[in-house]
Amino acid sequence: MYSLPLKSREIEPFVWWTGLFSDEELDKLQEAAKNAKDPGVIGSDLSLNKGIRRSNIMWLEVEEWGWAFQKLGDLVTHVNDTYYRFELTGFGEKIQLSNYKSEDGGTYIWHQDFGGQGLPRKLSVVLQLSEPHEYEGGNLELFTGGSPSVMQKERGRITIFPSWTLHQVTPVTKGERQSLVTWIYGPNFK
């Protein structure tokens, strides 16, 4: 039997983007995140474990927030075509807004975004809504080998990475950090 020659390409550990949303759009999203009331849960069993995650969340409905879904969908399509070339089907669930408060030590320790409803999550998307001076701590960190990569704090900065990537939000020690998170689904990897 003849074996095929091995060919591989390196997959980017993460991609970042700025300027997708206007200041007015970021203000609208941030204000909604500040009003998030539901406790952040973990996994498909919807368990509450404050040792792992401390944040308040809310879910955005496509009927009201379609403009955000559209912009993020267009960006993810471009990023995927350029860097990942995963087979994707789209948003598998609503967009999530999160608010991490220093009074709660807001955090989400090391985790992966596996799971989802039906098909697997393939790409994770995080949009920073807060200005860096509005909080301390609350670093988004990705572990891609070696030491963690700390994502730059910049309002409007979007970080996209494969959902298998270990990542965390370190405890917020002062102020509040608001962010938007969503996941893009697709068929199982083969």
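Just so it is clear, none of the values below were taken in a lab; they were calculated from the coordinates. Nothing here was measured: the structure is a model prediction, and the numbers come from that model. Note that each Cβ is placed from the backbone with ideal geometry, even for glycine, and that neighbours are counted across all protein chains shown.
Here are the numbers for the structure shown:
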| read-out | value |
| --- | --- |
| Within the chain, longest stretch free of exposed GluC sites (Glu not before Pro) [DSSP loop, at most 15 other beta carbons within 10 Å] | 94-153 |
| Filtered chymotrypsin sites (Phe, Trp or Tyr not before Pro), segment 29-115: DSSP coil and at most 14 other beta carbons within 10 Å | Phe114 |
| Order of Lys94, Lys174 - criterion: other Cβ atoms within 10 Å of each residue's Cβ, fewest first | Lys174, Lys94 |
| Of [x] 82, 37, 28; [y] 54, 34, 20; [z] 64, 35, 32, the label for Cα extents along the principal axes in Å derived from the coordinates | [z] |
| Cβ-based net charge around Trp183, under 12 Å, with every Lys or Arg adding one and every Asp or Glu removing one | +1 |
| Gain in span if fully extended, Thr82 to Trp16, counting 0.36 nm per residue against the direct Cα distance | 22.5 nm |
| Rough spin-label spacing in nm, given labels placed 7 Å along Cα→Cβ, for Trp164 and Leu119 | 1.8 nm |
| Helix 23-34 axis, angle to the chain major axis (alpha carbon atoms, nearest 10°) | 70 degrees |
| Restraint check, Lys50/Lys190; Lys101/Lys190; Lys28/Lys50, Cα-Cα greater than 32 Å | Lys50/Lys190; Lys101/Lys190 |
| Full-extension gain in nm, Asp74 to Gln152, via 0.36 nm per residue minus C-alpha separation | 25.8 nm |
| Summed residue charge, Cβ within 11 Å of Val169's Cβ, Lys/Arg positive, Asp/Glu negative | +2 |
| Extended-chain gain in nm, criterion 0.36 nm per residue less alpha-carbon gap, Phe143 and Ile42 | 34.4 nm |
| Within-12-Å neighbourhood charge of Gln30 [Cβ basis; K, R +1; D, E -1] | -4 |
